[in-house]
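Worksheet: the structure to be examined is printed underneath.
Please treat every number below as a calculation from the coordinates, not as lab data. Bear in mind that the values here come from a model prediction, so they are computed numbers and not experimental data. Because the Cβ atoms are built from the backbone with ideal geometry, glycine has one as well, and the counts that use them run over all protein chains shown.
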Amino acid sequence: MTTESRDVTEQLAAGKTPGDRIRGLDYRLYKVRVKNTASTRGKRGGYRIIYWPRKDGDVLLVTVYSKTEQSDITADEPLMS
C-alpha cells in the first residue's frame, strides 16, 4: 500500500469522505485521485479509488483502477450489481 492510498484509508476510517461525489447515480459514490509514486505524471497518471460510504458507517470499495489503463468511469457503466 502506498503512502497516498494509506492516507485515503485513514480518512475513510475517520468517517471522512475524500474525493469527489460521482453525480447521476441513485446512490452516493465517491472517486478519489491517488498519486502513483512510480509515475512521473502526478495524479493524472495515478490511481482512482471508487467507494461507497454506507449508512451503517462501513465503506465498500467498489473499484480501483489506473488512469493510464482506463479512462473515466461514467454513470452508465455498471459498477455495482
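Below are the figures for this structure:
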| read-out | value |
| --- | --- |
| Members of the range 3-17 that are surrounded by fewer than 17 Cβ atoms within 10 Å (Cβ to Cβ) and either among the hydroxyl-bearing types (Ser, Thr, Tyr) or touching a Pro at 6+ places or on another chain (Cβ under 7 Å) (or both) | 3, 9, 11, 17 |
| Residue count, the range 45-63 (criterion: closer than 10 Å to residue 12 by Cα and out of contact with any Lys or Arg (no Cβ under 9 Å at 6 or more places or on another chain)) | 3 |
